[in-house]
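Please read the structure below before turning to the comments.
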Amino acid sequence: MRSHPPPGPFRPDFWRSPLRGSWLTSVFGLVLLVGIPIIAITGLLSYAAYNPWLPGNDTTPERGLLGFYFFDWPTWPAWLYRVTQGIHVILGLTLIPVLLAKLWSVIPKLFAWPPARSLAMAVERASLLLLVGGAVFEFVTGVLNIQLFYTAFPFSFYPAHLYGAWIFIAAFAVHVVLKLPRMVSALRSRSLRRELRTGLDGTRPEPPDPDGLVATRPAEPSLSRRGLLGFVGGGSLLIFGLSVGQTLDGPLRRTALLAPHGRMYGLGPNDFQVNKSASAMGVNPMSTGPGWRLELAGTDLRLSRAELLALPQYTYALPIACVEGWSTQQTWTGPRLADLARLAGAVPGRVEAYVESLERGGAFSEASLSARQVADHRSLLALRVNGADLSLDHGYPARIMVPNAPGVHNTKWVRRLTFRPPSG
Amino acid sequence: MISRVRSLRQWAVGRYGADPLHLLALLACFTLAGYAASRVVVAGIWVGFVVWFVGAAIIHDLVLYPLYAVADIAVRWRPWRRVRPSAVLSHPPPWINYLRVPLALSALLLLVWFPLILRLSQDGYRRSVALDTTPFLGRWLLVTGLLFAGSALAYAVRLRRRAPGEGSGPGSRPDDPPGPGQG
């Protein structure tokens with residue numbers, strides 16, 4: 001059977017690229033070995049940033065043991081989530097060409113014949129199904145989600161992306177353990193510096209390898225290894241350069257030509273990135289007009305916007321940082337959440353807040369804030385931004401602004417605040 | 001005791017085909033992955049999840065790869081290769097990568113951003129961002145145009161730099177007939 005594989009891709013001489021080989025695969029592998037753990041850790045941190053242990057905050061309540069690492073998400077530094085989630089999304093986008101190149105470089109292995117020479121090989125190949133499936137699943141769901149292409153999903157994004165991540169992490173970890181020695185020896189087999197000095201003329205196939213990646217009947221090269229590495233790196237650079245702007249403020253934001261959330265709205269104080277428009281969330285000017293009141297649950301207090309503006313006002317520059325990877329820093333003004341807690345008869349530091357919005361049906365129309373978040377002196381019920389009243393799309397009449405909280409917890413169109421003892 | 005461990009290990013290597021630690025590491029992987037999969041079932045999304053997961057495992061090797069391999073063969077296939085209008089251009093430097101690179105980079109951007117470029121995510125996008133996805137097609141075309149223009153410029157510079165009378169040299173290799181799986 002071994003000597004008579006089926007025709008086509010199952011025959012070793014079908015694969016003719018003179019560049020495939022253990023060294024090349026290991027270069028891509030090394031880049032992913034550095035990048036994937038960063039994406040995984042920032043992704044898991046993002047889950048912790050939601051403070052899922054607070055009532056109503058967990059988008060994946062069936063997580064079981066997978067939430068073992070949660071902690072009280074800090075409010076300092078205010079830009080932390082902006083950085084971690086920006087890295088998660090932008091680095092993920094940037095590594096797409098490397099992932100594709102890695103998959104290309106090992107494709108003959110998919111068709112290796114016989115499919116398994118031993119039980120060990122069969123079991124390892126099963127883990128590779130989880131590795132490749134998990135990697136592509138995570139990249140695809142992430143990329144579609146940041147483009148708001150929800151209608152493509154037959155599942156809700158949060159559980160799919162989270163549990164898919166754990167399957168991928170499991171397979172990735174075992175792949176690293178099993179292949180690390182091979183990667184190191186393959187990387188040592190050639191000098192990167194020499195490859196970067198070798199043009200097309202000097203490009204020869206790698207020597208035959210035990211991994212079966214080197215072509216048995218290589219074609220003449222039409223691209224040097226240097227050229228291929230530059231091509232893949234150039235692809236990464238291109239995606240990075242066209243998307244990183246959505247995590248920046250100032251003129252560089254305009255460079256985000258191919259990124260969902262690097263859009264320009266104008267030059268006014270409210271002209272910055274919107275996510276979740278008022279009309280889509282069922283918030284109309286009627287409910288936010290002069291009749292609007294902020295309800296402080298457990299008290300008789302129903303505060304109008306004028307009464308809120310009469311409270312001591314504080315101004316802080318705080319970022320909105322979205323789980324979808326974009327962020328922007330703006331200057332917010334309003335009363336402190338801690339002052340509102342005192343008004344409701346509570347002691348800041350000893351109470352959590354439950355925030356309810358006017359929006360209808362959104363996944364984040366309600367959110368809990370931790371005692372630490374309520375007590376931070378920069379946590380505001382923002383009424384104004386950049387010196388002007390909030391626009392309806394940015395949460396008029398009032399929205400939450402908590403330093404370092406994920407964007408969806410900066411609830412817009414707040415209608416009721418409940419201060420209550422910690423849920424433990 | 002030590003010899004017993006050693007003989008057990010040899011037995012495992014013989015029967016299993018690798019060190020027992022290999023099996024242990026993989027069992028740990030399947031345990032964690034299996035647990036995560038059980039959460040998928042509890043979340044009630046397993047049908048769509050499994051379909052997408054299996055699709056993700058094969059989409060590169062069985063869909064994307066054949067597409068770009070055939071595209072690569074297509075751009076290298078030159079039925080008009082005998083038509084040589086001028087003697088000056090009879091041995092041009094290899095041009096294939098000046099076509100391949102901008103084409104592939106443009107395709108890469110389309111692969112990543114097709115929901116925006118093709119306006120497939122228009123509904124979700126407008127609800128969220130309060131703008132529509134109209135500009136993205138133009139932006140992608142602009143970037144594509146710049147990539148091709150840059151590539152053409154680089155090729156022109158290369159043509160100019162060639163000393164007159166210089167032969168094709170080793171650069172004629174890309175004229176060789178392509179085979180499948182060529183990089």
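The values are calculated or read from the model by the stated rules, or taken from the named source; none is laboratory data. Remember, predicted model here, so these are calculated numbers, not experimental data. So basically every Cβ, Gly included, is an ideal-geometry build from the backbone, and we count neighbours across all protein chains shown. For the accessible areas, the whole protein counts, side chains as well, though only heavy atoms, and no ligand, DNA or RNA atoms are used. Shrake-Rupley method; radii C 1.70, N 1.55, O 1.52, S 1.80 Å.
In the list A:Ala120, A:Ala170, A:Ala135, which residue meets the criterion of being in the same structural domain as A:Leu238 (by TED's automatic domain parsing), over 21 Å from A:Leu66 (Cβ atoms), of a type outside the set (Phe, Trp, Tyr) and buried (at least 20 other Cβ atoms within 10 Å of the Cβ)?
The conditions single out A:Ala120.
What number of residues within segment A:118-163 are within 7 Å of chain B (Cβ to nearest Cβ) and assigned to a helix (DSSP H, G or I)?
The total comes to 20.
Restricting to segment B:39-75, give me the number of residues that are open to solvent by less than 70 Å² (accessible area, probe 1.4 Å) and at the interface with another protein chain (Cβ under 8 Å from one of its Cβ atoms).
Residues that pass the stated criteria total 14.
What do you reckon, is A:Glu220 among the charged types (D, E, K, R) and at the interface with chain B (Cβ under 8 Å from one of its Cβ atoms)?
Yes; evaluated as a whole, the condition is true for this residue.
Those residues that are touching a residue at least 60 places away in the same chain (Cβ under 8 Å) and either outside the structural domain of A:Lys179 (by TED's automatic domain parsing) or part of a helix (DSSP H, G or I) (or both), I need them from segment A:196-232; list them, please.
A:Arg225, A:Leu228, A:Leu229, A:Val232
Got at least one residue in segment B:6-13 being among the hydrophobic types (A, V, I, L, M, F, W, C), open to solvent by 30 Å² or more (accessible area, probe 1.4 Å) and within 8 Å of chain A (Cβ to nearest Cβ)?
Scanning segment B:6-13, I find no residue that is among the hydrophobic types (A, V, I, L, M, F, W, C), open to solvent by 30 Å² or more (accessible area, probe 1.4 Å) and within 8 Å of chain A (Cβ to nearest Cβ), so the answer is no.
Go through (1) of a type outside the set (A, V, I, L, M, F, W, C); (2) within 33 Å of the chain's Cα centre (by Cα); (3) over 30 Å from A:Pro18 (Cβ atoms) and name the single condition A:Ser236 misses.
Only one criterion is unmet by A:Ser236, namely (3).
Please count how many residues of segment A:339-393 are over 29 Å from B:Arg127 (Cβ atoms), polar (S, T, N, Q) and in a strand (DSSP E or B).
Total satisfying the criteria: 0.
Which condition number does A:Ser105 fail, the rest of (1) of a type in the set (Ser, Thr, Tyr); (2) surrounded by 23 or more Cβ atoms within 10 Å (Cβ to Cβ); (3) under 17 Å from the mean Cα position of the chain (by Cα) being met?
Result: A:Ser105 passes all but (3).
Quick check on A:Gly325: is it within 28 Å of the chain's Cα centre (by Cα), surrounded by fewer than 19 Cβ atoms within 10 Å (Cβ to Cβ) and small (Gly, Ala, Ser)?
No.
Just need a number here: residues in segment A:239-296 that are of a type in the set (A, V, I, L, M, F, W, C), over 30 Å from A:Leu99 (Cβ atoms) and either touching a helix residue (DSSP H, G or I) at 6+ places or on another chain (Cβ under 8 Å) or buried (at least 20 other Cβ atoms within 10 Å of the Cβ) (or both).
10
Taking the stated definitions as given, is B:Leu105 facing chain A (nearest Cβ under 8 Å), part of a helix (DSSP H, G or I) and open to solvent by 50 Å² or more (accessible area, probe 1.4 Å)?
Here the answer is no, as B:Leu105 does not meet what is asked.
So which helices (runs of 4 or more DSSP H) stay within segment A:38-117 end to end and still have 3 or more residues that are under 27 Å from A:Thr328 (Cα atoms) and touching a residue at least 24 places away in the same chain (Cβ under 8 Å)?
Fully inside segment A:38-117 and qualifying: A:80-94.
Select from segment A:88-102 the residues that are more than 9 Å from every other protein chain (Cβ to nearest Cβ) and among the hydrophobic types (A, V, I, L, M, F, W, C) and write down the one among them that is surrounded by the most Cβ atoms within 10 Å (Cβ to Cβ).
A:Val89
Any residue at all in segment A:298-308 that's more than 30 Å from A:Thr94 (Cα to Cα) and surrounded by 20 or more Cβ atoms within 10 Å (Cβ to Cβ)?
Yes, because at least one residue in segment A:298-308 is more than 30 Å from A:Thr94 (Cα to Cα) and surrounded by 20 or more Cβ atoms within 10 Å (Cβ to Cβ).
Considering (1) away from chain B (no Cβ under 14 Å); (2) within 25 Å of A:Val214 (Cβ to Cβ), say which one A:Arg20 fails and leave the rest.
So the condition that A:Arg20 fails would be (1).
Checking A:Ala49 against (1) away from chain B (no Cβ under 14 Å); (2) open to solvent by 20 Å² or more (accessible area, probe 1.4 Å); (3) under 28 Å from B:Gly48 (Cβ atoms), only one condition comes out false. Which one?
Unmet condition: (2).
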